[in-house]
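The structure appears below as structure tokens.
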């Protein structure tokens, strides 16, 4: 009996230490990843509301992963956790089927945030057969990329479509439209 109680107390202490270690890892990973995401957002000139949405979603997913690991450490079991997670995903899948377009735009927004090679201020042309979609990227929101056409019209192009189409960055046209002013400075030698 004493051996069993010794094993149980040692097991509980190990679980508590693992949970504390997991919490420390969670805080460390959250801090490092949030700094990295903020740095990436600053490099890509992402607006503050979009950055806060990306951070919030990332942190919720991180909590979800670490909570699942915590459940496994505490002994609830891998099978129970996977059953719980698959049930949640099944319910979410059924709920979001009607809103598939919205879900695909939000997913595309995450991809655009991390891997889209163009950023606000770039001149681009979207390879669309029906329309002339070219101009300067004004903003990248959660659902649309907003492009200012050469004529002055604003184009809101869905995120999921911009990932499916070819996009050309227009370097030459930007140079043609910009006017450069140059000044020539001369140094006069004054003789006294």
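Worth pointing out:
- Flag set for residue 30, criterion: surrounded by 15 or more Cβ atoms within 10 Å (Cβ to Cβ) and at pLDDT 85 or above.
- Complete set of residues in the range 129-145 that are under 22 Å from the mean Cα position of the chain (by Cα) and closer than 14 Å to residue 168 by Cα: 136, 137
- Note on the range 83-112: among residues that are in contact with a helix residue (DSSP H, G or I) (Cβ under 6 Å, 6 or more places away or on another chain) and modelled with pLDDT under 80, the one that is surrounded by the fewest Cβ atoms within 10 Å (Cβ to Cβ) is 96.
- Checking each residue in the range 104-140 for being out of contact with any strand residue (DSSP E or B) (no Cβ under 7 Å at 6 or more places or on another chain) and either under 13 Å from residue 160 (Cβ atoms) or outside any loop (DSSP other than H, G, I, E, B) (or both) picks out 104, 106, 107, 108, 109, 110, 111, 113, 114, 115, 116, 140.
- Test result for residue 80, part of a loop (DSSP other than H, G, I, E, B), at pLDDT below 85 and farther than 27 Å from residue 37 by Cα: no
- Every test in (1) surrounded by fewer than 16 Cβ atoms within 10 Å (Cβ to Cβ); (2) at negative phi is passed by residue 121 save one, and that test is (2).
The values are calculated or read from the model by the stated rules, or taken from the named source; none is laboratory data. What you see is a predicted model; the values in this text were computed from it and never measured. Here Cβ is always computed from backbone atoms with ideal geometry, including for glycine, and neighbour counts include all displayed protein chains.
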